[in-house]
Amino acid sequence: MFNNFICPHCEGHMSIAGHIIFAVVKKKNNERGIILLNPKIGDYSRILHPGFKIDEGEDVEFLCPMCHKNLAAYDINEKLAHIIMLDENNDKHDIFFSEIAGEHCTFNISGKTIEKMGEDAEDYLDYFKRSDKYKNLL
């Protein structure tokens, strides 16, 4: 199964060589780096440069590597990032995931369905229930 991941701002393609590429900024000290995430929804493996460490529980901002816009889902919760996935049928999915290192929380929203993954997803579910755009899906 091949999915494309794109920026919701510039619509640039963010995946290459089996990873989704992000620029990231650590909120505590403004240190910057690149992170590669596994494109399989619910797989929380990541690749970082050895000199760029992110500690468990650390809050980071995910940025588009092309337009450098912040991917935070401020309309849902500022600790969730939002990207778009186009599946093999070119169907659009809104993907939300936690920007807190070590939190396992992903939402895959497509059409009238919302799929939540990760043991920390329940912590964010109420934010979707309060959203005008997504509350009818729950």
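The values are calculated or read from the model by the stated rules, or taken from the named source; none is laboratory data. Remember, predicted model here, so these are calculated numbers, not experimental data. Don't worry about glycine lacking a Cβ; one is built from the backbone with ideal geometry, like all the others, and counts go over all protein chains shown.
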Could you check how many residues of segment 70-92 are surrounded by 15 or more Cβ atoms within 10 Å (Cβ to Cβ) and in a loop (DSSP other than H, G, I, E, B)?
2
Residue that is at positive phi and in contact with a strand residue (DSSP E or B) (Cβ under 6 Å, 6 or more places away or on another chain), where the choices are Gly42, Gly111, Gly102:
Gly42
Among the candidates His13, His9, which residue alone is surrounded by fewer than 18 Cβ atoms within 10 Å (Cβ to Cβ) and in contact with a strand residue (DSSP E or B) (Cβ under 7 Å, 6 or more places away or on another chain)?
His13
Please go through segment 45-57 and pick out each residue that is part of a loop (DSSP other than H, G, I, E, B) and exposed (fewer than 12 other Cβ atoms within 10 Å of the Cβ).
Ser45, His49, Pro50, Gly51, Asp55, Glu56, Gly57
Segment 15-54, residues that are modelled with pLDDT under 95 and among the acidic types (Asp, Glu):
Asp43
Pairs with Cβ under 6 Å, 6+ apart, first in segment 43-60 and farther than 20 Å from Phe107 by Cα, second of a type outside the set (A, V, I, L, M) and part of a loop (DSSP other than H, G, I, E, B):
Glu56/Gly102
Out of the residues in segment 95-129 that are in contact with a Cys (Cβ under 7 Å, 6 or more places away or on another chain) and in a loop (DSSP other than H, G, I, E, B), state the one that is surrounded by the most Cβ atoms within 10 Å (Cβ to Cβ).
Ala121
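One line per residue, one yes/no per condition, for (1) of a type outside the set (Gly, Ala, Ser); (2) touching a helix residue (DSSP H, G or I) at 6+ places or on another chain (Cβ under 9 Å); (3) farther than 27 Å from Tyr134 by Cα:
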residue: Lys28; (1), (2), (3): yes, no, yes
residue: Leu48; (1), (2), (3): yes, no, yes
residue: Glu61; (1), (2), (3): yes, no, no
residue: Tyr74; (1), (2), (3): yes, no, no
residue: Lys79; (1), (2), (3): yes, yes, no
residue: His82; (1), (2), (3): yes, no, no
Filter segment 16-44 down to the residues that are aliphatic (A, V, I, L, M) and part of a strand (DSSP E or B) and list them by number.
Ile16, Ile20, Ile21, Ala23, Val24, Val25, Ile34, Ile35, Leu36, Leu37
